[in-house]
Amino acid sequence: MMPEPSQRQLWTQLHRLYLLAMMAMIAAILTTAMVYQYGDGELPCPLCLLQRLAMFGVCFGLVLQFRYGVSFQNSGISLLFAIFLLIVSVRQTLLDIYPREGHEYIGSAVLGLHMPVWSVLIALALITAFAVQMLLWGDARQNRRISLRKFPALRSLAVVFSLYIVLLAAINTASVFVQCGLGQCHTTGYALLK
């Protein structure tokens, strides 16, 4: 049985709000990581940079949801990057599970957990969130018929968050280039500023 048009619009609006909340949370996490980097001087290690890349990839899939419409393909992009985030963060957590001399956790703990452990939890939360999205909204064919233009506030927020994520990605890319140059990345300092 098809929901009434007003119910369908509400359901579509809830779906888009759900995706926007996911994007906002990842943007907040990436912003926090950059605040630690620039404010406290905690340079990200190569595996941390891969975790950031994975989070940007999840955001890329979410941005596509708003730009081109809700689809399994766009959710699939985000889901693949969430799985990549899980793999990289589990690897780093296992490498650092027992602190060795000269190979301790890099950076300070937040609420008692270091970033790789947080990244495992973030990846699991993202994978769960995509599973919930698929359970509640299915393939969202009905949602595609309702344009984002019908929700001007949501559309404006999606544009703002999308542009903010692009800005974060540009800052992060420039920072990685300054930190690593064209060689191997280290956490001892910015290679191009030495």
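The values are calculated or read from the model by the stated rules, or taken from the named source; none is laboratory data. Quick caveat: nothing in here was measured; it's all calculated off a predicted structure. Cβ placement follows ideal geometry from the backbone for every residue including glycine, while neighbour counts extend to all protein chains displayed.
Quick notes on this one:
- Sole residue being of a type in the set (Lys, Arg) and crowded, with 16+ Cβ neighbours inside 10 Å, chosen from Arg91, Arg52, Arg67: Arg52
- Residue satisfying all of: in segment 133-165; part of a loop (DSSP other than H, G, I, E, B) and either at pLDDT below 65 or touching an Asp or Glu at 6+ places or on another chain (Cβ under 7 Å) (or both); farthest from Gln13 (Cα to Cα) among these: Asp139
- Failed item, numbered, when Tyr98 is tested on (1) assigned to a helix (DSSP H, G or I); (2) exposed (fewer than 13 other Cβ atoms within 10 Å of the Cβ); (3) of a type outside the set (Gly, Ala, Ser): (1)
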